[in-house]
Amino acid sequence: LRSYLRDESSRLRRFRRFYEKVQALHQDPEASVDNPLLAFSLIKRLHSDWPNIIYSDEASRNTQALHAGLREAEQELPGAEDLDGAARALMRLQDVYALSVKGLASGVFQRDGHPPLYSPGRRASLSADDCFHVGKVAYDTGDYYHSIAWLEEAVSLFRLSYGSWNLEDRSSLEDALDHLAFSYFMAGNISYALSLSMEFLRYADPSNQRVSRNVAKYKKLLEMGTGGSGTGSGALVPPTAASLHALLAPLPPQPAPGRLPHLSCSYETNSSPYLLLQPAKKEMVRTQPYVALYHDFITDAEAETIKRLAGPWLQRSVVASGEKQQKAEYRISKSAWLKDTADPVVRALDGRMAALTGLDLRPPYAEYLQVVNYGLGGHYEPHFDHATSMKSPLYRMKSGNRIATIMIYLSAVEAGGSTAFIYANFSVPVVKNAALFWWNLRRNGNGDGDTLHAGCPVLAGDKWVANKWIHEHGQEFRRPCSADPQD
């Protein structure tokens, strides 16, 4: 684009010089073509100079070069799936963090009556066209709860700038009114749908037959007493409310930190020679479920190496679905798997995790290191790491269920991204270079229901984690059963 602007500017400067030359020649109304020099100059301009300027191939060459440059970069550019995914990410942030659409559109990340969740150094705002696209993504999937909120903001912004148009805009006030009216109709607010449709006909396209038919339909429904004033957007329930209820619902009050038993910070060696000279910095987060955070578990250099190794192999993360694995909207991230032979850093990390846990991490007793990147609004809804069905693909490894999880935070985030343990009612924020450890199974082999957890959406920043899942087999004498069958 920079090259195109430079070349076009050069071409237009030559065009302007020609124009100024012609203008100068015509400034004197008394000038007569009786002068043979003026006559020759005029004939030459009309015969060759004008066609040379007007039919120059330079403009088309510049445009072709711009198109060629775009084609070269096209494979690296975001696609329609990326754009729609980014729109859904904004709606996810709106829901989970209870953010207002008007605030988001103006660059404010704040819920009513609370301090900002995130204060960017440079505030960015959304245009009317941006808000329209987010609303249109919701509209196309029948999600009228979100389409109403975002299209309302689009209409409001389009009204402020009515009459002006940006080159990059693909929508208009008319488009926003049209989609918003139908969204309100589908939500049951027929009177407001009628009002918006009337505005469309009054200011946009009075001859639009489709909207005219809608107006007649809305009037007839209101005369019949159907819909009345409707429910309005405030009465709608978001389609994702059920899946997010665990994160948003009021939770019982937690005991004060001083009353939580057996929580402490300590230096741990786990009787391992490996940790004698540099013990692990352990923070006991909870005892039920057992969750511990090990600070400074890896170095900045090791974290960067792992991210670099995983980068070329990142693919959209999948989840277990019956006996198969597939993509799902409730897990938005990219992941890659690294063997311990990929790099000495990965091998050393495996040894450190084995020393820390006292468990056998050799294949097939543990899975390869999974590196995950959560970008814009990236999240993972409430789930268990261990299998809850014998049909799970996890059992194909012939090494039992996942007994424990180690999750290493490879990066910091500016806001969001916490690991929330839903039933146990606590969350762990992202702590760069720390490792979070918990047992997925009780000593009797049953799954621990308190380990239901979620990766909260990333509100600002780029979240990288590395997961190590350890299986039952091989750990029989390292974590033996308890004498109590209920344990």
Requested in this report: Report the local net charge at Ala187: Lys and Arg +1, Asp and Glu -1, summed over other residues whose C-beta lies under 14 Å from its C-beta.
Outcome: -2
Query raised in the report: Restricting attention to segment 10-76, which GluC sites (Glu not before Pro) occupy a DSSP loop and are surrounded by at most 12 other Cβ atoms within 10 Å?
Result: Glu30
**Report entry** J(HN,Hα) series, segment 62-77, from Karplus relation 6.51 cos²θ - 1.76 cosθ + 1.60, nearest Hz, glycine and proline x
**Finding:** 4, 5, 4, 5, 5, 5, 5, x, 5, 4, 5, 8, 4, 5, 8, 7
Query raised in the report: If you take the Cα Rg of segment 80-224 and divide it by 2.2 N^0.38 Å, with N the number of residues, what do you get?
Result: 1.11
Report task. Quick one: net charge around Ala154, please, counting Lys, Arg +1 and Asp, Glu -1 for every other residue with C-beta under 10 Å from its C-beta. Result -> -3
Query - Segment Arg13-Ala412, extension gain: residue separation times 0.36 nm, minus the distance between their alpha carbons - result: 138.7 nm
Report summary line: Once all protein chains are kept in place, Trp50 shows an accessible area at probe 1.4 Å, nearest 10 Å², of 90
Query raised in the report: Kirkwood hydrodynamic radius for segment 265-316: how many Å is it when counted over pairs of different Cα atoms?
Result: 13.3
Query raised in the report: What whole-number value in Å² describes the accessible area per residue of the chain for a 1.4 Å probe?
Result: 56
Query raised in the report: In nm, to one decimal, how far is the modelled label at Arg2 from the one at Asn444, with both set 7 Å along Cα→Cβ?
Result: 6.7
Query raised in the report: So if we plug the beta-carbon distance of Ser389 and Ser264 into 1/(1 + (r/R0)^6) with R0 = 30 Å, what FRET efficiency do we get, rounded to 0.05?
Result: 0.20
Requested in this report: For every other residue with a beta carbon closer than 12 angstrom to the beta carbon of Phe15, add +1 if it is Lys or Arg and -1 if Asp or Glu, then tell me the sum.
Outcome: +2
Report task. For segment 335-487, calculate the relative contact order in percent as a whole number, restricting contacts to Cα pairs under 8 Å that are 6 or more residues apart. Result -> 33
**Report entry** Positive-end extreme of charge dipole, the chain - chosen from Asn62, Ile298, Gly377 (charges on Cβ)
**Finding:** Ile298
Query raised in the report: Going down the table (Lys339/Lys391; Lys334/Lys398; Lys339/Lys398; Lys281/Lys468; Lys282/Lys398; Lys102/Lys219), which pairs top 22 Å between alpha carbons?
Result: Lys339/Lys391; Lys334/Lys398; Lys282/Lys398; Lys102/Lys219
Query raised in the report: Roughly how many debye, to the nearest 20, is the charge dipole of the chain about its Cα centre, given +1 on each Lys and Arg Cβ, -1 on each Asp and Glu Cβ, and no other charges?
Result: 540
**Report entry** Ser41/Glu168 FRET efficiency (R0 35 Å; Cβ-Cβ; nearest 0.05)
**Finding:** 0.20
**Report entry** Mean Cα-pair separation over length for the chain, i.e. relative contact order, pairs under 8 Å, 6 or more apart, %
**Finding:** 11
Requested in this report: Return the inverse of the average 1/r over all pairs of distinct C-alpha atoms in segment 1-76, which is the Kirkwood hydrodynamic radius, in Å to one decimal.
Outcome: 15.0
**Report entry** Long-range amide H partners of Ala415 with built H, under 5 Å
**Finding:** Leu459, Ala460
Query raised in the report: Residue by residue through segment 436-448, which ³J(HN,Hα) values in whole Hz follow from phi under the Karplus form 6.51 cos²θ - 1.76 cosθ + 1.60 (θ = phi - 60°), with glycine and proline marked x?
Result: 9, 10, 8, 8, 7, 10, 6, 5, 7, x, 7, x, 8
Requested in this report: Check each of the trypsin sites (Lys or Arg not before Pro) in segment 72-138 and keep only those in coil by DSSP with at most 11 other C-beta atoms within 10 angstrom; list them in order.
Outcome: Arg122, Arg123
Query - Two-site label geometry, Ser207 and Ala73: point separation in nm, points 7 Å out along Cα→Cβ - result: 4.1
Report summary line: The answer for GluC sites (Glu not before Pro) in segment 148-210 that fall in a DSSP coil and have at most 11 neighbouring Cβ atoms within 10 Å is Glu168
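The values are calculated or read from the model by the stated rules, or taken from the named source; none is laboratory data. Just so we're clear, the structure is a prediction, and the values are computed from it rather than from any experiment. Every residue, glycine as well, gets a Cβ built from its backbone with ideal geometry; the counts of neighbours run over all protein chains shown. We work out accessible area using only protein heavy atoms, side chains counted, and drop any ligands, DNA or RNA first. Shrake-Rupley method; radii C 1.70, N 1.55, O 1.52, S 1.80 Å.
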